[in-house]
Amino acid sequence: MSVGVIRYHVPNGNFPEHIDHCNDNSWVYLLSLGCSANFVVKGPNSEKQLFRFNSGDVLVFDPSSDAAILHGVTSINGDDFPLDCPEDFQQFRFGVQCRVKMQRQRT
């Protein structure tokens with residue numbers, strides 16, 4: 001398992017839309033903390049979806065080339081952090097990414 005954190009500043013924090021190409025039998029778990037993000041996601045056979053990725057929300061997806069999940073952050077909202085959020089989190093959105101490799105089934 002690997003873990004990384006990206007800090008996005010209000011309001012102009014963004015991460016360009018992209019497709020991961022991790023063909024190692026892993027899954028990605030994205031956790032949003034602090035201010036919400038305007039997040040975009042699109043599968044190869046679906047329309048592009050824009051949604052508000054709130055603090056505490058988790059998104060799970062297959063990061064392989066075959067899955068071809070387009071995703072990215074378009075901007076950060078500075079008006080909707082949780083009321084009990086630490087002050088340091090009130091100007092940022094923290095995107096926590098856990099990449100978990102799954103063991104292959106033995107036959």
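The values are calculated or read from the model by the stated rules, or taken from the named source; none is laboratory data. No experiment lies behind these values; they were computed from the predicted model shown. Neighbour counts run over all protein chains shown; Cβ positions are idealised from the backbone, glycine included. When the accessible area is computed, the model is the full protein with side chains, heavy atoms only, and any ligands, DNA or RNA have been set aside. Shrake-Rupley method; radii C 1.70, N 1.55, O 1.52, S 1.80 Å.
Consider only pairs whose beta carbons are under 6 Å apart and that are at least six residues apart or on different chains; among these, list those whose first residue lies in region 59-72 and is more than 15 Å from Gln49 (Cα to Cα) and whose second residue is part of a loop (DSSP other than H, G, I, E, B) and open to solvent by 40 Å² or more (accessible area, probe 1.4 Å).
Filtered contacts from region 59-72: Ser64/Asn23; Ser65/His21; Ser65/Asn23.
Identify, by number, the condition in (1) open to solvent by less than 50 Å² (accessible area, probe 1.4 Å); (2) closer than 19 Å to Val5 by Cβ; (3) in a loop (DSSP other than H, G, I, E, B) that Ser65 doesn't meet.
Failed condition: (2).
Before we move on, is Ser32 surrounded by 14 or more Cβ atoms within 10 Å (Cβ to Cβ), out of contact with any Cys (no Cβ under 6 Å at 6 or more places or on another chain) and part of a loop (DSSP other than H, G, I, E, B)? Give the derivation first.
Numbers: surrounded by 14 or more Cβ atoms within 10 Å (Cβ to Cβ): yes; out of contact with any Cys (no Cβ under 6 Å at 6 or more places or on another chain): yes; part of a loop (DSSP other than H, G, I, E, B): no.
Criteria not met by Ser32.
Which condition breaks for Asn23 when tested against (1) more than 15 Å from Tyr8 (Cβ to Cβ); (2) surrounded by 15 or more Cβ atoms within 10 Å (Cβ to Cβ)?
For Asn23, the failing item is (2).
Given the residues Val60, Val41, which is the only one that is touching a Leu at 6+ places or on another chain (Cβ under 8 Å), farther than 18 Å from Val5 by Cα and not in a loop (DSSP other than H, G, I, E, B)?
Val41
Out of the residues in region 68-89 that are surrounded by 15 or more Cβ atoms within 10 Å (Cβ to Cβ) and of a type in the set (S, T, N, Q), state the one that is modelled with the highest pLDDT.
Ser75
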